Amino acid sequence: MEHQEIKSDKPVVIYGGDYCPYCHKLKHFLESKNIEYEYRDITKEKEHERQVNEFVVKLKWSTIPMVFIKQKFVGGYTDVVSLDQKGELEKLVK
């Protein structure tokens, strides 16, 4: 599912929060893979919080992090790690 409202010059957009341990793990994981990302903190920007609330309804996904690769929703931390283990993550971000 693509989302046109998720525009970024980075291939990966993460919606997360400071209180979320999986958000921190995901950022470190992507950094270890040299994958650029944009982090949108829902605790600091009301617009990001509003977007996440819409995604909860549209995607039927209620946890953070919410990860989008090139505007396509891919899931959360474990989904991104799984994509990497299957050799698909690098292909998606290129």
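Here are the numbers:
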item: Single residue of Leu89, Leu83 found to be touching a residue at least 40 places away in the same chain (Cβ under 8 Å) and among the hydrophobic types (A, V, I, L, M, F, W, C); result: Leu89
item: Segment 53-84 - residue that is in contact with a Gly (Cβ under 9 Å, 6 or more places away or on another chain), of a type outside the set (Ser, Thr, Tyr) and within 20 Å of Pro11 (Cα to Cα) and, of those, surrounded by the fewest Cβ atoms within 10 Å (Cβ to Cβ); result: Leu83
item: Where Lys7 falls short, out of the listed (1) exposed (fewer than 12 other Cβ atoms within 10 Å of the Cβ); (2) touching a strand residue (DSSP E or B) at 6+ places or on another chain (Cβ under 6 Å); result: (2)
item: Where a residue in segment 44-57 is in contact (Cβ under 8 Å) with a residue 40 or more places away in the chain and its partner, wherever it lies, is loosely packed, with under 14 Cβ neighbours inside 10 Å and of a type in the set (Asp, Glu), with Cβ under 7 Å and at least six apart; result: Gln51/Glu5
item: Residue list for segment 6-30, filter: over 17 Å from Val74 (Cβ atoms) and outside any loop (DSSP other than H, G, I, E, B); result: Pro21, His24, His28
item: Single residue of segment 36-47 satisfying the filter (outside any strand (DSSP E or B) and surrounded by fewer than 19 Cβ atoms within 10 Å (Cβ to Cβ)) that is modelled with the highest pLDDT; result: Glu36
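The values are calculated or read from the model by the stated rules, or taken from the named source; none is laboratory data. Only a predicted model underlies this, so the values are computations on that prediction, with no experimental measurement involved. Glycine gets a Cβ as well: all are built from the backbone with ideal geometry, and neighbour counts include every protein chain shown.
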